[in-house]
Amino acid sequence: MLKRSSQARLLATSVHLPHGYRTMAETRARIAAAGSPFVPPPGALELSGIRGVHVKEPDEQCSDLAVAAAGKALEEAGVTVADVDLLLFASSGQDLIEPATAHVVAAKLGATCPAFDVKNACNSVLNALQVARALIETGQYGTVLIACGEAPTLAVRWHLPDLRAFRTASPGYTVSDAGAALLLTAGPAGDGEPGVLATVFSADSASWDVCTVMAGGSMHPRGDDEEVCTLRLNGDLVETGRRHVPRFLDAHAEEVARARESAFVAVHQISLPQYRRCCAEFGLPVERSLATVVEHGNVASASLPLQLALARESGRAGPGDLVALVGLASGFSVGLALLRL
């Protein structure tokens, strides 16, 4: 293996949560207010273990959420936007189809560096970390800003004709808006040095249609139909994970073993039962992780930065600690990153 002279080092992690908040009881009331023939019974929405979700303002864009988080990351690191060599916008959401939202974020920040989007559902930030690592370690860029702006509450279905529609639309009631940012720079490589130590991924792309938002692309360009404009569960996402995760564990046994020994583990969280099941399947120590999904909902690809930021703020992860980031996403993909802070 070629010995590296430098490795990508995490300088800052930040999150921005919108002020708006909607409880599950308020969600049920809004479904009823929409005149839905079917209204979920009391307690049905709470089965996710989620108490409520963050909701952006009507005039806020994904780019605004990303800019707010990015500003915090730059301030934390003590650098300016002029020090950034590359800006990656990583999110399942976007401001518009063209141009890349990264350019909107860059313009709002006043950045003049190259910029492009990295998109892979809830693994968008994790994949952007992989891209940033590769570009830094090959010497193409010195400092990379990953900015994320998630607004999945825009894809919620409020009018439900029947129970089937509710089951299909159920993931939408637990998703939450958020911004997140990671700032990385080149640092020395070596044992014990801080940096991104590993990024490994796998995919079961034959299952791409299990969970979708169909509108806005060539399949459904206009998106007038509520069926294609909302987040839809079209198959058994749990079964897809159960079928694929063991293959990921076998293929990346060494990295998974190190994750189990980490001081802190962040796991993408869709619901409380899913979070617990994922920890069990990966053999991860629950006591060294945070169940953020209860209060914050499923913040899509901002989930891992949120957990890492809270862990650092609370002292559960600090300088010198090995941390693991475990991502799962529609598509279907699984990813794991190991970092030394």
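The values are calculated or read from the model by the stated rules, or taken from the named source; none is laboratory data. Worth saying up front: this structure is predicted, and the values here are computed from it rather than measured. Cβ sites come from the backbone with ideal geometry, for glycine too, and all protein chains shown count toward neighbours. In case anyone asks, the SASA skips ligands and DNA or RNA and just uses the protein heavy atoms, side chains included. Shrake-Rupley method; radii C 1.70, N 1.55, O 1.52, S 1.80 Å.
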- [ ] Over the alpha-carbon set of region 281-322, divide Rg by the Kirkwood Rh and report the Rg/Rh ratio to two decimals.
- [x] 0.97
- [ ] Restricting to the chain, compute how many DSSP beta bridges are antiparallel as a %, nearest 5.
- [x] 75 percent
Task: Sequence of T23, T101 from largest to smallest accessible area, 1.4 Å probe - done: T23, T101
- [ ] Report, ordered by chain and residue number, the aspartates and glutamates lying within cross-link reach of K72, taken as a straight Cα distance under 16 Å and ignoring same-chain residues fewer than 8 apart.
- [x] D64, D83, E313
- [ ] Please express the Cα-Cα pair-distance distribution P(r) of region 92-246 as a list of whole percents, one per 10 Å bin, running from 0 to the bin with the greatest distance.
- [x] 9, 31, 32, 20, 7, 1
TODO: Enter the Cα centre distance for the pair region 177-214 and region 58-108, rounded to the nearest angstrom.
DONE: 17 Å
Task: Of every Cα-Cα pair in region 49-177, the percent that sits beyond 20 Å - done: 49 percent
TODO: Roll a 1.4 Å probe over the protein chains and send me the accessible area per residue for region 1-114 in Å².
DONE: 51 Å²
Open item on the list: Please list, in order along region 120-136, the HN-Hα scalar couplings obtained from phi with the Karplus expression 6.51 cos²θ - 1.76 cosθ + 1.60 (θ = phi - 60°), rounded to whole Hz, x for Gly and Pro.
Closed with: 7, 6, 6, 9, 4, 5, 5, 5, 5, 4, 4, 5, 4, 4, 5, 6, 6
Open item on the list: Rounded to two decimals, what is the ratio between the C-alpha radius of gyration of region 12-93 and 2.2 N^0.38 Å?
Closed with: 1.53
Open item on the list: Show me the ranking of peptides 5-12, 196-203 by mean Cβ neighbours inside 10 Å, starting with the highest.
Closed with: 5-12, 196-203
Task: Span per principal axis, largest first, for the Cα atoms of region 225-341 (Å) - done: 50, 32, 20
Task: region 147-208: mean projected area of Cα convex hull, nm² - done: 7.4 nm²
Open item on the list: From the gyration tensor of the Cα coordinates in the chain, what semi-axes in whole Å does the equivalent ellipsoid have, largest first, with each one equal to sqrt(5λ)?
Closed with: 32, 23, 18
TODO: Write down the radius of gyration of region 60-105 and its Dmax, each obtained from C-alpha positions, in Å.
DONE: 11.1, 33
- [ ] With a 10 Å radius around each residue's Cβ, average the other Cβ atoms per peptide and rank 61-72, 164-175, highest first.
- [x] 61-72, 164-175
Task: Probe 1.4 Å - accessible area at I31, Å² to nearest ten - done: 0 Å²
